[in-house]
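What follows is a single structure, written as structure tokens, with notes after it.
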Amino acid sequence: MGEPLSAAGDLALGFLPWWAAVYAINLFLYFATGWVLVAIQNQFPERRIQPNRRGEKRMKKEIRQSVVSLLVTTGCMAGGLYLQYRGLTLFAPLELSWWSVPVMFLVSILAFDAWFYWMHRFMHTKLMYRFHAEHHRSVAPTVWSTYNDDLVDAFVMQCYYLWAPLVLPIPAAVLIVHRVYDHFNGTIGHSGFEFWASPAARAPSPMVCVTFHDQHHSRFKYNFANFFSFWDRLMGTIDPKYDEAVRGFERMGRKSDKAEQAAQ
């Protein structure tokens, strides 16, 4: 009885430095990305998606909650990497190569997008919404809203990073790149300012822009996915105003380009 307990204790103690390192890196990225994006956005107030709302008023509350909820997100990430490092997986991770890196990155973001869509819908059910309500207090999201989650919500949505390296042969480096990409995608997606509108962000393309997730916060019952729109289009949860809103920001971009050319 003593040996299994001792082994579990050693496993837990070995995990703590991994968790601390992953948390510190993610906390740095949270603040660094946020302040850089705010500095850029301040130069382009016309790009604000919801001009009559100021989500920045919730900044201090969202930062406090994010600092706490990141403990859960990074715990999942560190846990998955650590268990893989200890060999406690169904499959050994693939060796890094010219084909394994792009293939496993694509597999991972597709798997994560599917997980995110269905867990997000789950969090909107009567059973679970009480844990998701904190995130939706940000009706007009900002860069500080990205991790403004209840701890249960954070675990349900982000535990992909815990189980994925245990059941997929994804190299640790690829999972880390995926997580960094997810961080920037999530922070930009919550920023409340649209710089990314283009034909690539609307039908028939599966890609999205900032307006996609902003509409989820402002209109609540649409746009549940993360990286792509195909789950929402397939399941009928795409915001009916999404594609036209993207076109509107495209027209704004073209007018801005013409004004700059005229000024030159």
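Rule-based calculations on the coordinates, nothing more; no lab input. Note that the structure is a prediction, hence the values are computed from the model and not measured. All Cβ positions, even for glycine, are placed from backbone atoms using ideal geometry, and neighbour counts span all protein chains on display.
GNM remark for the chain: springs join alpha carbons under 10 Å apart, and the peak mean-square fluctuation among VAL180, VAL246, VAL36 falls on VAL36. The residue among PHE91, GLN65, GLY79 whose Cα reaches farthest toward the positive pole of the charge dipole of the chain, with charges on the beta-carbon of Lys, Arg, Asp and Glu, is GLN65. Each principal axis of the Cα atoms in the stretch 68-196 has its own extent, and those three values, largest first, are 43, 35, 24 angstrom. Which whole number in µm²/s is D for the stretch 173-223 by Stokes-Einstein, with the Kirkwood Rh taken over Cα pairs at 4 °C and 1.567 mPa s? The Stokes-Einstein estimate is 109 µm²/s.
For the chain, the longest principal axis of the C-alpha atoms and the axis of helix 172-189 are separated by about 30°. Once the Cβ-Cβ distance of LEU13 and VAL67 is raised to the sixth power relative to R0 = 25 Å, the FRET efficiency obtained is 0.55. Using only the alpha carbons of the chain, what is the convex hull's orientation-averaged projected area in square nanometres? Answer in nm², one decimal: 17.0.
Comparing the stretch 129-200 with the 2.2 N^0.38 Å rule of thumb, its C-alpha radius of gyration ratio is 1.30 (two decimals).
Lys-Lys pairs in the chain that are eight or more residues apart or on separate chains and whose Cα atoms lie under 28 Å of each other come to 10.
At full extension, ARG86 and ARG247 could sit 53.0 nm farther apart than now, given 0.36 nm per residue minus the alpha carbon distance.
Computed from backbone phi with θ = phi - 60° and the Karplus coefficients 6.51, -1.76 and 1.60, the 3J(HN,Hα) list for the stretch 113-124 is 5, 5, 4, 4, 4, 6, 5, 5, 4, 4, 5, 8 Hz; x is used for glycine and proline.
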